[in-house]
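The values are calculated or read from the model by the stated rules, or taken from the named source; none is laboratory data. Keep in mind the model is a prediction, meaning the values are calculated, not measured. Cβ coordinates were reconstructed from backbone atoms using ideal geometry, including for glycine residues, and neighbour counts include every protein chain displayed. When the accessible area is computed, the model is the full protein with side chains, heavy atoms only, and any ligands, DNA or RNA have been set aside. Shrake-Rupley method; radii C 1.70, N 1.55, O 1.52, S 1.80 Å.
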Amino acid sequence: MTSKTSPMRDWIFFVVFAIAVLTMPIWLAPIGAGYPDLLQKFMIYGLFATGFNLLFGLTGYLSFGHAAFLGVGSYSAVWTFKLLGMNPVPAAIVAVITSGIFALLIGYVSLRRSGIYFSILTLAFAQMSYNLAYSVLTPITNGETGLRVLRTDPRLFDSSNAVDGPLIANLFGIEMTGYAGFYFCAIVLLIAFFIAQRIFRSPFGIMLRAVKTNQNRMNYTGLNPRPYTLAAFVISGMYAGLAGALLCITDPLAGAERMQWTASGEVVLMTILGGAGTLLGPIFGAALIKYFENIFSAFNDQTLHEIFGFLPDFIEVPVVSVTSLFVGEGWHLTLGVLFMLIVIFLPGGLMEGFSRIGRLFKRSSGKSESRGAAAPAD
Amino acid sequence: MEILKVSGVNKAFGGLKALHDVNLAVEEGMVHAIIGPNGAGKSTLLNCFVGRLIPDTGTVMFGDTSLIGLKAHKINQAGVSRVFQTPEIFSDLTLLENVMIPTMARRDGEFALHAFKRLDRDAEIHDKSMHMLEDVGLAEKKDMIAASLSRGDKRRLELAMCLVQDPKLLLLDEPTAGMSRADTNNTIDLLKRIGDRGITKVVIEHDMHVVFSLADKVSVLAQGTVICEGKPQEIKGDPRVQEAYLGGAHL
């Protein structure tokens, strides 16, 4: 059974989501996530994963090279800063356009194959882009040092050329750091989420799900799957490019490592962890991974000793030495374990977990209702 | 009038001659059955109609259009729909969605980027799809996921998906294969009912019961060539058919 959709329900859903996002600094504070840097990451990677999900969740095409678009978006944004000035809006627009063109080229070639071959092709393209950015295209990307905005850059439309201190993106005087940066990212995410929601409910969205389910039937139904998958690929590349631009808007520096295959793998993890093919799942997945990255990578032996201090020494020492493998530099181990648990026990990701809990509640309340209804009949 | 004309079609796979100089003409509005023993080339012939196989020589004309070398989706857009031996449906989607997709394909063409329209506001598509589901008796199940249907219902759904496109020609590849007697009879009834719409049908079938209760005309294929053609009653008595198809036994 699928839930019924209606425009009204979608609006309510969106408004609740928007309120939840905008009040994040308040309700995330108790778990130690209420500071702007981390909140910005939630927004940016949530956006990245939402875009990735439009391709992977709907069409089932698993791209292993989406970090390339993140990188292209970042470099485009920094170049826009350098040439036009520190306003984030043109930077975001330019990043979306360039990453869209880039996605069109890569997608056109990669989508000739499906399944594992498609994944390998996208991975190969992303690694090529990484290497180009790292060494060959040094004049454009500034190689391993990373591309940054310099005081000597033209910045045509910047009136306030005389500012002291580091160059920071600013929207008509509001500097895109701290909470201002978070709210800028949050608004971009909300717009992108709204578009994603519309795509999910549109004829185009259902065609993408048809691609995932049965391409053979699609062909014999008079539909050409190729332009559908290519459009999904380009849209999701644009989302990634926008996310890349936001990374530079909050911190105007673009490095090649952003295009590494590990970054491509991370967005796959986020999407699957949260629940591929659902609207909210990828955002949950992104937030969870970024949260754990911050929390667990900050732990060291010192903090572990404090946590396990209540244990007797002969237990505490081995416990700390084992758990220390899973924190700090080794937090990826924790992530790996978590990922395995989710994939094995909740193949639909966190969203499946939530809906199971929801059903549990519904069943127990349904029981009491039916009991209540039966009573008068007696 | 002939809607489908096959002339001089040859197809070989390596050394195996699957089709040998096949000539066939399907009259508009008729139910034309193609029967024959296993390996006679029935499915190969059907695949030549829908763009899955390209014949080595010969022509396949659908009205004034040559179907040879056309992609499957182009052939469908020209007005040819196909039902598969095992029902090909969108099994992860609901029944209503399954029928809406071909309805949209017919209205909007092979690709349309309607990314901002709401599908649930598209009354035209919704009503047409619901009508079709009612016609095949699946309206109450419209919100079920297609994968959970029985074999017979999947066949109904697939038929609905083809019929909602108002095809000029409907190709049926063993529509009752693997079905229970009851499901088979239901399917025959359904096919007879849609016969009223005047859709030309080409049926490939093993089950003689199905052939004789549906077909207006029968072509018998054996060893890659048409050995005999005629009304079902004529075919029944033809000694060549009994020899090739039934190994000489009487029907």
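Tabulated data
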{"quantity": "Residue within the stretch B:197-220 that is over 19 Å from the mean Cα position of the chain (by Cα), in a loop (DSSP other than H, G, I, E, B) and not charged (D, E, K, R) present", "calculated": "no"}
{"quantity": "Failed condition for B:Ile68, given (1) within 14 Å of chain A (Cβ to nearest Cβ); (2) assigned to a loop (DSSP other than H, G, I, E, B)", "calculated": "(1)"}
{"quantity": "Condition check for A:Ile357: at pLDDT below 85 and exposed (fewer than 15 other Cβ atoms within 10 Å of the Cβ)", "calculated": "no"}
{"quantity": "Helices (runs of 4 or more DSSP H) completely within the stretch A:1-105 that count 3 or more residues being under 22 Å from A:Arg201 (Cα atoms) and open to solvent by less than 10 Å² (accessible area, probe 1.4 Å)", "calculated": "A:36-59"}
{"quantity": "Criterion: modelled with pLDDT under 90, closer than 25 Å to B:Asp216 by Cα, within 15 Å of the chain's Cα centre (by Cα) and surrounded by 15 or more Cβ atoms within 10 Å (Cβ to Cβ) - qualifying residue of B:Val50, B:Val80, B:Val31, B:Val26", "calculated": "B:Val50"}
{"quantity": "Residue match in the stretch B:163-173 (condition: open to solvent by 50 Å² or more (accessible area, probe 1.4 Å) and in contact (Cβ under 8 Å) with a residue 40 or more places away in the chain)", "calculated": "yes"}
{"quantity": "Answer from B:Asn76, B:Asn98 - the residue that is within 14 Å of chain A (Cβ to nearest Cβ), more than 19 Å from B:Ile145 (Cβ to Cβ) and in a helix (DSSP H, G or I)", "calculated": "B:Asn76"}
{"quantity": "Boolean, B:Thr59 is open to solvent by 10 Å² or more (accessible area, probe 1.4 Å), touching a residue at least 12 places away in the same chain (Cβ under 8 Å), part of a helix (DSSP H, G or I) and in the same structural domain as B:Ile235 (by TED's automatic domain parsing)", "calculated": "no"}
{"quantity": "Flag for B:Asp120 being within 17 Å of A:Ile206 (Cα to Cα) and part of a loop (DSSP other than H, G, I, E, B)", "calculated": "no"}
{"quantity": "Single residue of B:Ala177, B:Ala123, B:Ala182, B:Ala160 found to be more than 9 Å from every other protein chain (Cβ to nearest Cβ), modelled with pLDDT under 95, open to solvent by 30 Å² or more (accessible area, probe 1.4 Å) and more than 26 Å from A:Ile195 (Cα to Cα)", "calculated": "B:Ala182"}
{"quantity": "Among (1) away from chain B (no Cβ under 14 Å); (2) more than 17 Å from A:Ser76 (Cβ to Cβ); (3) open to solvent by 30 Å² or more (accessible area, probe 1.4 Å) - the single one A:Arg148 does not satisfy", "calculated": "(2)"}
